[in-house]
Each structure stands twice: as C-alpha cells, then as structure tokens.
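Visitor: Once you've had a glance at the structure underneath, I'll fire off some questions.
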Amino acid sequence: MIRFEGVHKWFGKLHVLNNVNLQVKQGEVVVVCGPSGSGKSTLIRTINELEPINEGRLIVDGMDLGGRGTDINKLRAEIGFVFQQFNLYPHLSVLKNITLAPIKIRRLDRKEAAQQAMALLERVGLAEKRDAYPSQLSGGQQQRVAIARALAMKPKIMLFDEPTSALDPEMIGEVLAVMKDLAESGMTMMVVTHEMGFAREVSHRIVFIDHGIILEEANPAEFFRNPKHERAQQFLRQVLSPMH
Amino acid sequence: MLKYKFDWAVVTSGKYFDWLASGLYVTIQLSVVSVALSFLLGLIIAVMRMSHVRPIRWFAHGYLEFFRNTPLLVQIFFWYFGSYKILPQAVNDWMNRQNFEFAAAVVALTIYTSAFIAEDIRSGVLSIPKEQMEAARSSGFSYLGSMRYIILPQAVRLTIPPLINQFLNLAKNSSLAMTIGVAELTYQARQVESYTFKGFEAFTAATLVYVVISSVITILVNIYNKTVLRPMRAR
Ligand SMILES: Nc1ncnc2c1ncn2[C@@H]1O[C@H](COP(=O)(O)OP(=O)(O)O)[C@@H](O)[C@H]1O
Ligand SMILES: [Mg+2]
C-alpha cells in the first residue's frame, strides 16, 4: 500500500528524512514513534504529499508520488488524514463537516451523504451532535468527528498524526477506542503516537525514528522487550516512566 | 447684524421634505447597488491577488494600488466623461439605458470600493489558519475547491464587519456623485438651499440622516460580532 524507497527530505539545510525505507501492507497498522522534532510528522505528511519529498521514491496505492501522471487530488481522496489539532471546519455543523467532501468530490447526493454520515457518527458515538458546531464540542468529540469526516471518503489508508496529543487525559481513551475499532475492521493505518498502550495492543509493527533516520523497526512485543538501539531504549524509558 | 430666522418646517414637511427623502432614497440605492457589485468584484480581485500565476497576481496588485490611491472624485469624473472611450460598447449601451449619471456613479463607486473590499477579503483569508487549507487538501479538494468551500466562506464571515464599514464609507462617498448631477441626498440638500435660502436647516437635516445611517450600521456590526463571529472563534 505504501512503499518508501530511499526517501530524503530537507527543510533548507535541515535533513528531516534521511534515507527512509519502509513498507506498509494492506490491513497493517504501523505505529511511528520517536522524540519530538525527529521527523514523524514530516514522514507521515509525505504520504499524501502535504510535504513533497526531495529524493527517492514513494509509492502509495500504486501511484508514484514523484510521477508526472499522478493526480494528487485523486490520491488524497483515498487517504484519510487525522491531525493533532483536529482541524474541523468551524463554520460548518458536524454533519456538514462530514458530508462536504463526499458531496463535492465523490458526487454523492445530499440524502445519501447524510445517511452515511449518520452511520459514521453512530460508530464514533456522536449521533446526537449532528447539528452542533465544532466549537461546542470537547476535544475528544472533535477528534472523533474528524475521524468520521476522514472515513466518509471511504479511504483505503488512514493516517494519524498524534491524534491524542492535544487532548485532556480523560478524553484520550475515547479516541483510542475508535481507532482500535477501526484497526480491527482491517483498515490500513499509520499512526504517529506516544500512546505505547495502543502501540502494544493494536499495532502490528513499530517504527522508531530519530533525526530523520529509522533506527528500529520491529513487532511490538520485540520492541518493548528488547529495543536494540540505545536511543530507542532511552525513548522508551522516558515515555513509559510515570513522571514524563 | 444679520438676523437669521430658523425655519425647521421647511425640511420637516411638504415639498422640500420630499426632495430630501427622494435624495435619501437615491443615496441608499447607490450605496446598496455599489456595495453588492463591489463585493463580487472584490472577491474576484482578492482571489486573483492570491493566485499562483504571477501575471494574474501582478494585475490584481496594480488594480488595487491604482484605484485605492487616486482621488475618488477624479475617478467619478473619469468614468463620467471618459467611459465612452474605454468601456465596452455593451456596457455603454446599458449605461445609456439607465440614468447615465447614476450608472457612471455606480461604476466609479464600485471600482473604487472593490479595491478596499478585496484587501479586506484578502486579510480575512490570511487570518484563516493554514491547517484549514491542509485539512481541505487532505480530503482531496483542489486549491480552488478548498478556497471555495472552506477558506472563503470563513474569510467572508470575518469580512462582513469591514464590509459593512465599506458600505458606510460608500453611503458617505456617494455624496460626491452630486458633482455629476446624481440627485442623491447632498444634491437635494443643495437644491433645497438654493430654492429656500434655508441652507443651515437643509444641511443639518442631511447631516442628521448620515449620522443615523452610520449609527444603525455600527449597531448592526456589533450585533453581528456578538452573535456570529464570537461563537465561530470560540474553542
Ligand atoms: N515547514 C517547515 N519548515 C522548516 N522546518 C520544519 C518545517 N516543518 C518541520 N520542520 C522541522 O523539521 C524537523 C522535524 O519536524 P517534524 O516532522 O514536525 O517532527 P516531529 O513530528 O517528529 O516532532 C523539526 O526540527 C522541525 O522544526
Ligand atoms: Mg509532529
């Protein structure tokens, strides 16, 4: 589904992605972790070309992102993206946030789009909020709406960039529950997160990145039991310590 | 010593009151038509000003600088005396079918005001967080689609208070249209003055009307800010 081959990216002189090689297969759930500023967001944002790459090859859903004939808008419609800050459209109701892209891009008729949106709202437990505006919702509720909005396009891949980092602790669980449910339904997912509980329980693979270099790639059991790289050991001590 | 006898009845009833009322009607007509047209034109210029295509951006930039920085009175004369030479035939025909002075005033006020509105819209767009564009593009919207469905609707909501202020400016600026013979409020006050020599009363009445218009508009802006904008911004 996603294949990085020797990908490099620079911001000016800063080498943010350094020879990234990575594959995500259909139905796989991959967690990306690493210290702040290590390039996690940049990595995940290259997949829908919010950040273009400078070198190497990146193939997503069979499309070559560097290739000339690639219609980026079409590719993005197949990829759901969930942001740390939710980024709901503040001028639209919850229902309209979800139905806008299906109506305008997928050309669904209004009624069908609304039905589908209601089914998704049921799924994330927010059916009664259909007419609320984003500013009237808690952070956890906004993030669940954002997930529903992404799912409304029936994406083949879902990307999450620290989806729970902006939330009050008591709201993290409700969002992770929705993501877990999604993972169990067979969705291909790439998730940047520090929630090691989620990584251990839900993910198939954990990728540890530091200074733009993938230092470690392992299944969760192995990663937690026996992290090979010293930086990964240090990172794990930090995030797992109750004091962090 | 000159003794001036106040006579308010001149402007509060009868023929001269009707003149002032019809002047007010023309002022409002002129302002409403011009603000609506300058909003549409301003929206187009604002989008052009932010275009990724350089010549389009430069054209819009030139338009803005030119029309904001030349005196409105000169622009009114320009369109009144010069429109035959430069406007397309169809527009000239249309203007002649209307009251020509009124149409020339609408063209001048619209173009002048659109430049200010375009800048208001642009600063509205620039104040929308860039994450909104990212969210829209991530859903598969093109740049223009994102603008149309996500960015501009928010920017226009932010632009409504400055837009209403532009309407207020228009209502005041439209008094310059008297110079080309549009029978708006100031023109009519002048008429009353020359027929009755009651200039003080006539212009006091006109002044009060302008004050009332701007007070009403200011109140509307405040209500809008409280009821629409604050909830949209609140987190
Ligand atoms: N648009 C940008 N321009 C310049 N530098 C950036 C930009 N975005 C991120 N960076 C820098 O790139 C590095 C990696 O950033 P990021 O991918 O956001 O890290 P992470 O998500 O792991 O915290 C950081 O040093 C950050 O400051
Ligand atoms: Mg980040």
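The values are calculated or read from the model by the stated rules, or taken from the named source; none is laboratory data. Quantities reported herein were computed from a predicted structural model and do not represent experimental measurements. Cβ placement follows ideal geometry from the backbone for every residue including glycine, while neighbour counts extend to all protein chains displayed. To get the accessible areas, we keep the full protein, side chains included, count just its heavy atoms, and leave off ligands, DNA and RNA. Shrake-Rupley method; radii C 1.70, N 1.55, O 1.52, S 1.80 Å.
Visitor: Return the single residue from A:Phe160, A:Phe86, A:Phe224 with maximal mean-square fluctuation; model: Gaussian network over chain A, springs between Cα atoms under 10 Å.
Guide: Per the Cα network of chain A with a 10 Å cutoff, A:Phe224 tops the list.
Visitor: So if the hydrodynamic radius of the range A:142-244 is defined as the Kirkwood radius over C-alpha pairs, what does Stokes-Einstein give as its diffusion coefficient at 25 °C and 0.890 mPa s, in µm² per second? Before the final figure, lay out the partial values.
Guide: Numbers: Rh = 14.7 Å.
Roughly 166 µm²/s, to the nearest whole number.
Visitor: Name the long-range amide H neighbours of A:Phe81: under 5 Å, sequence gap of 5 or more, or other chain; modelled H, no Pro or chain starts.
Guide: Here A:Leu159 satisfy the definition.
Visitor: How high is the relative contact order of chain A? Use alpha-carbon pairs under 8 Å, at least six apart in sequence, and give a whole percent.
Guide: On the way: 434 pairs, mean separation 65.1, N = 244.
Once normalised by length, the contact order is 27 percent.
Visitor: Once you charge only the Cβ atoms, +1 for Lys and Arg and -1 for Asp and Glu, what is the size of the charge dipole of the protein assembly as shown about its Cα centre, to the nearest 20 debye? Walk me through the numbers before you get to the answer.
Guide: On the way: 51 positive and 40 negative charges, 129 e Å.
The dipole magnitude comes to about 620 debye.
Visitor: Near A:Gln23, within a Cβ-to-Cβ distance under 10 Å, what is the net charge of the other residues, with Lys and Arg +1 and Asp and Glu -1? Walk me through the numbers on the way to the answer.
Guide: Numbers: positive: A:Arg3, A:Lys25, A:Arg205; negative: A:Glu5, A:Glu28, A:Glu217.
Local net charge: 0.
Visitor: Over all alpha-carbon pairs of chain B, lay out the pair-distance distribution in 5 Å bins, whole %, shortest bin first.
Guide: Histogram of Cα-Cα distances, whole percents per bin: 1, 6, 12, 14, 15, 14, 12, 10, 7, 5, 3, 2, 1, 0, 0, 0.
Visitor: Still on this model: Could you give each residue of the range B:87-94 its phi-based ³J(HN,Hα) in whole Hz, using Karplus coefficients 6.51, -1.76, 1.60 with θ = phi - 60°, and x for Gly or Pro?
Guide: So the Karplus estimates, Gly and Pro as x, are 7, x, 3, 4, 5, 4, 4, 4 Hz.
Visitor: To continue, here is another question. Among B:199-208, B:30-39, how do they line up from the highest to the lowest mean number of other beta-carbon atoms within 10 Å?
Guide: On the way: B:199-208: 17.7, B:30-39: 20.4.
Going by the mean number of other Cβ atoms within 10 Å, highest first, we get B:30-39, B:199-208.
Visitor: Continuing with the same structure: Got a number for carbon plus sulfur as a percent of the protein assembly as shown's accessible area, 1.4 Å probe? Could the numbers behind the result be given before it?
Guide: Values: 13490 of 23340 Å².
Exposed carbon and sulfur together represent 58 percent of the surface.
Visitor: Go through B:83-93, A:205-215, A:5-15, B:162-172 and give me the packing order, highest mean Cβ count within 10 Å leading.
Guide: Details: B:83-93: 11.3, A:205-215: 21.2, A:5-15: 13.7, B:162-172: 19.5.
Going from most to least packed, we get A:205-215, B:162-172, A:5-15, B:83-93.
Visitor: Just name one of B:Phe102, B:Val182, B:Phe39: the one whose Cα is farthest towards the positive end of the charge dipole of the range B:9-234 (beta-carbon charges, Lys/Arg +1, Asp/Glu -1).
Guide: Of the options given, the answer is B:Phe39.
Visitor: Related question: When only C-alpha pairs under 8 Å and at least 6 residues apart count, what is the relative contact order of the range B:9-234, in percent?
Guide: On the way: 227 pairs, mean separation 67.0, N = 226.
Computed over the range B:9-234, the figure is 30 percent.
Visitor: Shifting gears a bit: Within 10 Å of each Cβ in peptide B:145-151, how many partner chain Cβ atoms are there on average? Round it to a whole number, please.
Guide: Values: counts 4, 1, 0, 1, 7, 5, 1.
Per residue, the average neighbour count from other chains is 3.
Visitor: Over all distinct alpha-carbon pairs, what is the Kirkwood Rh of the range B:159-235 in angstrom? Write out the running numbers ahead of the final one.
Guide: Values: mean 1/r = 0.0699 Å⁻¹.
Result for the range B:159-235, one decimal place: 14.3 Å.
Visitor: Which of B:Gln89, B:Thr204, B:Ile164 sits farthest toward the positive end of the charge dipole of the range B:9-234, with +1 on the Cβ of Lys and Arg and -1 on the Cβ of Asp and Glu?
Guide: Sorting the options by dipole projection puts first B:Ile164.
Visitor: Quick one: what Rg and Dmax do you get for chain A from the alpha carbons, in Å?
Guide: That works out to 18.0, 55 Å for Rg and Dmax.
Visitor: Also: If one takes the longest principal axis of the Cα atoms in chain A, at what angle in degrees, from 0 to 90 and to the nearest 10, does the Cα axis of helix A:110-123 lie?
Guide: Value to nearest ten degrees: 50.
Visitor: With the dipole of the protein assembly as shown worked out from charges on the C-beta (+1 for Lys and Arg, -1 for Asp and Glu) around the Cα centre, which of B:Tyr112, B:Val221, A:Phe4 lies farthest toward the positive end?
Guide: Checking the options against the dipole of the protein assembly as shown, the answer is B:Tyr112.
Visitor: Could I ask something else about it? May I ask which of A:Lys129/B:Lys130; A:Lys9/A:Lys156; A:Lys96/B:Lys172 have a Cα-Cα span longer than 30 Å here?
Guide: Values: A:Lys129/B:Lys130 26 Å; A:Lys9/A:Lys156 25 Å; A:Lys96/B:Lys172 40 Å.
Checking Cα-Cα distances, A:Lys96/B:Lys172 exceed 30 Å.
Visitor: Suppose every K and R has +1 on its Cβ and every D and E has -1 on its Cβ; what is the size of the dipole of chain B about the Cα centre, in Debye to the nearest 20?
Guide: Approximately 660 debye in magnitude.
Visitor: Once the cut-off is 38 Å, how many percent of the Cα-Cα pairs in the protein assembly as shown end up in the long-distance tail?
Guide: Values: 50839 of 114481 pairs.
Beyond 38 Å sits 44 percent of the P(r) for the protein assembly as shown.
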